[in-house]
Amino acid sequence: MPQDAIQLSTAAVVRAGRALRDALDDPERRALAATRLAFAGERGIGVFDETTAQAFASTGVPDRAAPQAELTVDVLAAALGQIDVANTLLAASTAVGEQGAPNRTALDQPLRRAGRTVELLADLNTPPVHHFRAEPPTSSTVDDAMHILRAKVTTTFDAIVTRSSEVVAASITGIRDGGPGALADGWRWAKQNLKLDEIGGKLAKLGLRALRGALRILYRLLPSDRLEAIQERVERLVTTAEAGSPALALLGAALGADETARTAASALDARPADAGRLDDATSALTALGARHGKVMDLCGGIATAIGFATTLTGLAGLGAPGVHVIVLGAHLGLLGAVVVIGREYVGRTGETISEATR
């Protein structure tokens with residue numbers, strides 16, 4: 001599993017970062033530890049690049065031969081791991097004083113965050129232990145099965161929209177903080193030669209390289225043939241939210257949940273006679289909601305890490321316009337990914353009802 005390599009490379013950067021933090025008071029040990037952290041960062045970036053190359057075709061369009069849900073988790077895990085690697089390297093730049101006075105506490109919070117990411121990645125790789133297996137519902141009548149399924153359809157759509165809106169709200173705040181023109185700047189990041197190799201010291205350069213790599217990973221989740229439509233939906237979300245509308249009220253339409261819910265309700269109104277198929281659909285929606293929740297946990301971690309990167313680039317003295325554009329691009333890439341993922345899960349919910357009511 002690519003997640004194994006992601007976890008190991010992120011853990012290696014965490015260990016090297018802790019060693020650097022412990023060596024800050026000794027110039028000779030500090031120099032050696034900084035070199036080792038840079039080496040771990042270089043290797044980590046290579047692992048992330050290899051992971052996305054394996055997960056996707058060279059065109060940037062997902063490899064449809066692999067299960068899309070598994071690819072989504074792998075790629076989001078890679079993005080989260082690489083942003084935390086970037087944040088650790090940027091904090092290390094501040095800690096050793098590449099661009100100003102050393103700050104010995106700069107690594108504390110990034111290392112805590114990256115350590116939690118390593119634990120999260122380990123959990124993703126560990127199959128759940130089932131002390132007992134929950135049996136699917138067995139309804140005695142069609143009316144009972146219908147009642148249970150209707151309730152599950154409602155909670156599934158609500159959960160998809162609510163969990164998505166939590167991530168969307170965090171990224172919209174980050175874009176709003178970018179000031180006027182943030183949307184245009186953010187979409188432009190991939191089309192420019194930002195010359196990041198000319199910014200900062202060695203650790204900062206590696207951190208920015210890792211951050212840009214994380215953006216490339218996120219944008220792999222946006223199918224190239226639908227990029228303009230995704231961009232339009234994201235921009236509508238951001239501009240409407242800036243006008244005062246809550247993200248939750250907007251996402252139902254953006255994800256297609258409102259229309260799909262109406263279609264599902266109409267299908268259920270036909271009162272299909274097979275209680276077993278309705279019970280199977282209820283079980284399928286329970287599993288679907290759990291998978292979407294896991295994916296949104298990863299997206300929420302990415303949103304937090306992007307916000308943290310904004311702070312760290314400032315502390316590291318990296319105020320160049322290209323850095324600002326990359327952070328905005330990360331927020332927009334995450335918004336696009338949440339919309340794509342949400343529409344996929346909304347569509348699966350509708351398909352599940354369609355299958356049950358044939």
For the range 71-114, which residues satisfy the criterion of being surrounded by fewer than 18 Cβ atoms within 10 Å (Cβ to Cβ), touching a residue at least 24 places away in the same chain (Cβ under 8 Å) and part of a helix (DSSP H, G or I)?
-> D108, Q109
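Residue by residue, here is whether (1) under 18 Å from the mean Cα position of the chain (by Cα); (2) at pLDDT below 75; (3) crowded, with 20+ Cβ neighbours inside 10 Å holds:
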residue: G178; (1), (2), (3): no, yes, no
residue: A184; (1), (2), (3): no, yes, no
residue: K202; (1), (2), (3): no, no, no
residue: R212; (1), (2), (3): yes, no, yes
residue: L221; (1), (2), (3): yes, no, yes
residue: D225; (1), (2), (3): no, yes, no
residue: E232; (1), (2), (3): no, no, no
residue: T240; (1), (2), (3): no, yes, no
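The values are calculated or read from the model by the stated rules, or taken from the named source; none is laboratory data. All values derive from a computational prediction rather than experimental measurement. Positions of Cβ are generated from backbone atoms using ideal geometry, with glycine treated the same way; all protein chains shown enter the neighbour counts.
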